[in-house]
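Take a look at the structure below.
Only the coordinates and a few stated rules stand behind these numbers; no lab work does. Remember, it's a predicted structure, so these values are computed and weren't measured experimentally. Here the Cβ is made from the backbone with ideal geometry for all residues, glycine too, and neighbour counts use every protein chain on show.
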Amino acid sequence: MIAIFGRLAALAAALVCSTALAQYPNKPIRIIVPFPAGGTTDLIARIMQPKFAEHFGQLLLIENRSGAGGSIGAAETARSAPDGYTLLMVFDTHAINHYLYKTAPDPFKTLEHISLMVTSPSALVAVTSFPPNKLQEIVAYAKSNPEKVTYSTPGSGSSNHLAALILERYGGIKMTQIAYKGGGPMIAALLGQEVNISFFSMPLMLPHIKAGRMKGIAVGSRQRTAQLPDVPTLGETYPGFEQISWFGILGPVGLPREVVARVHRETVRTLQVPEVRGKLVEQGFEIVASSPEEFLRFVQAESEKLGKVIRDNGVKVE
């Protein structure tokens, strides 16, 4: 009799779980953006939000939980119930934060990779008060003024920081990093002339470059971009020097396969909506919309590659 009741209880639990999955989502979904409002990840989330919510048939609430290069928001996601009601949008720091921050969760053990959504070339920009106008001029200035050239980043180990380290290696120079809490504060610092230069995701820099508020020095793509055809690539000065940013969506590990499939499907559908796609492409993003398996392999490769750069340069969080 006890065995029968046990089987009935298990069957009832399975039916409840199956019903919940079939009804997913039946309440608002929280999307954690682990950076302040105004940054590139936040921009992507807000461009996608209306159609994403429409496809899910539920409200999508964006929460900016910044700190530790994105680790604070990632850790909160990792602690969340694996039910599909807490998702995470990440920047490329996701692949290396576990090398740098004690608060960072292991990205491969605690988070479910759902889709690599978009990529964009980085842009090297300079403030208008900084005399150099070309990459070669910045390198020459830095050689004459060791450690005097300042650059902004969202933290040690970020793609912005690693790009500056690679430029130092190519140019044989030494500059000084000034760290901020995310893209929004970095833009404010540039507009306030608090730093000299910055590697930044190109979409956020486009309006400022076109308005003359910042100087476009170089782009990190292999070829010049349609949005900034007069701005040379990094590779034109240093062959092989490319710098691309990427953005993806994840959830806590243990998400049911049906939930992963639903989130992935709506992510891809949203990125394919002409209105959403048009806004992203216009600003310099390339749509990827990868599978979960492709995204996981990509992050693993990035983590291994950039982990070596971090070790070789002795990068540590201050």
Measuring from its Cα centre, region 231-282 shows a charge dipole (+1 at each Lys and Arg Cβ, -1 at each Asp and Glu Cβ) which, in debye to the nearest 20, is 340
Largest fluctuation, Thr40, Thr270, Thr176 only, Gaussian network model of the chain with Cα springs under 10 angstrom, belongs to Thr176
Region 134-177: spread of alpha-carbon positions along the three principal axes, whole Å, largest first, is 26, 17, 16
Computed curve, the chain, Cα-only Debye sum without solvent term, log₁₀ I(q)/I(0) at 0.11, 0.12, 0.15 Å⁻¹, is -0.68, -0.79, -1.18
Restricted to pairs 8 or more residues apart or on different chains, the lysines in region 64-197 with C-alpha atoms under 30 Å apart form a number of pairs equal to 11
Counting only DSSP beta bridges fully inside the chain, the antiparallel percentage to nearest 5 is 60
Extension length gain for Asp106 and Glu147 (0.36 nm per residue less Cα distance), in nm, is 11.4 nm
Toy charge model, Lys and Arg Cβ at +1, Asp and Glu Cβ at -1: the chain dipole around Cα centroid in debye, rounded to 20, equals 160
Charge dipole of the chain built from unit charges on the beta carbon (Lys, Arg +1; Asp, Glu -1), centred at mean Cα; most positive-end Cα among Ile173, Ala289, His94 is His94
